[in-house]
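The values are calculated or read from the model by the stated rules, or taken from the named source; none is laboratory data. Here the structure is a predicted model, which is why all the values come from computation and not from measurement. Backbone-built Cβ (ideal geometry, glycine too); neighbour counts: all protein chains shown. Remember, those area values only see protein heavy atoms, side chains included, never the ligands or the DNA or RNA. Shrake-Rupley method; radii C 1.70, N 1.55, O 1.52, S 1.80 Å.
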Amino acid sequence: TRWVLSANLSYQYDWNRNSAARSEESLVLGVPTPLSGSSTRQDDLAVNGLVRLSFEHDLATQARNAMVGSLAYYGGEQVQQDNLDLQALFADWGYKLDFAPVTVTPLVLYKNIRLARQAYLGVVGTSTNVQYAYSSTLSGFVAAKVEQMSFHNTSGTTTATERNGRNYQLTTGGTYIVSPHHRLQVTFEHTRNSAGRSWESYNRDGVSLNHTWLVGGGAFLLNSFTTNLDRYDGADTFISRLTRRDNTVRLRTTFGVPLGALIEVSESFAGVSLTASAEMYRQMSTITNYSYNNYRFSLGVSKI
């Protein structure tokens, strides 16, 4: 049995933490209303922590079958906007079954999320990932996931229960190892979110590109591009008679370097890395309330 414990602590800045509309207006019953007070763009700082414990247990079969699982806890504490403080518990358990060159990984999933220190979301679900290794450098995969989502209203989100329902997700893609230092991955995703209200139910189609570069000396550079198109089933007439349609774009880059590459450290600091990240997020919507930009920067330290 192999156990892996990892931890991360980061300091984060968001330029538009409350997702205020770019137009500086919000629709109510179709009437544009200027943003004011706390509804205008608010930047904020946060301290985020993540601890994850995972295991892989060899089932002692001729094939490389294994039992796998993980437990993770995330906490995000905002400096000013306490209504966006987030605590989340994630767990999964299942098997990794070897049918070389195919690997099948069925999992049971659990999530529990608290927003502003109040119960917000509980999720139970299952997923199955099938990976095919075409060669030592090229592999493809297809994965399916079904989740039952149970929302709870909070003091700051009084209509959360309208989102209760199921989430269905199908993804496919491939990974190509260009060289020992470069890896490319492309993923295509289709999601069907079926909620209790038509204006909370949507279909999503997305694509993401990821590039991993092992710079040398233990340093690495991660670059990603993601775009999604969300098409909602119906209109929330309290906001507008228009049916919501969103297009989102996210660009993100992360540079990491082992602490030992910068200064001389003792053996107890082996596995410690420093990271710096920058992210640009843009959402364009048919309803001005949901069109906004955000820029995020973070500095962190990780230990495995």
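Selection of segment 257-304 for residues being open to solvent by 40 Å² or more (accessible area, probe 1.4 Å) and at pLDDT 95 or above yields LEU274, ALA276, MET280, ARG282, MET284, THR286, TYR290, TYR295, ARG296, PHE297, LEU299, VAL301. Summed over segment 172-221, the residues that are more than 30 Å from VAL301 (Cβ to Cβ) and among the hydroxyl-bearing types (Ser, Thr, Tyr) give a count of 7.
Looking at segment 66-73, is at least one residue surrounded by fewer than 17 Cβ atoms within 10 Å (Cβ to Cβ), in contact (Cβ under 8 Å) with a residue 60 or more places away in the chain, part of a strand (DSSP E or B) and out of contact with any Cys (no Cβ under 9 Å at 6 or more places or on another chain)? Looking for residues that are surrounded by fewer than 17 Cβ atoms within 10 Å (Cβ to Cβ), in contact (Cβ under 8 Å) with a residue 60 or more places away in the chain, part of a strand (DSSP E or B) and out of contact with any Cys (no Cβ under 9 Å at 6 or more places or on another chain), one finds none in segment 66-73, hence no. Between SER224, SER194, the distinction of being of a type in the set (Gly, Ala, Ser), touching a residue at least 24 places away in the same chain (Cβ under 8 Å), open to solvent by 40 Å² or more (accessible area, probe 1.4 Å) and in a strand (DSSP E or B) belongs to SER194 only. Scanning segment 121-141 for residues that are touching a Ser or Thr at 6+ places or on another chain (Cβ under 6 Å) and either touching a residue at least 60 places away in the same chain (Cβ under 8 Å) or open to solvent by less than 60 Å² (accessible area, probe 1.4 Å) (or both) gives GLY122, ASN129, ALA133, SER139. Beta carbons closer than 7 Å, at least 6 apart along the sequence or on distinct chains, pair a first residue in segment 159-177 that is farther than 18 Å from ALA235 by Cα with a second that is open to solvent by less than 70 Å² (accessible area, probe 1.4 Å) and acidic (Asp, Glu) for ARG166/GLU147; ASN167/GLU147; GLN169/GLU189; THR171/GLU189.
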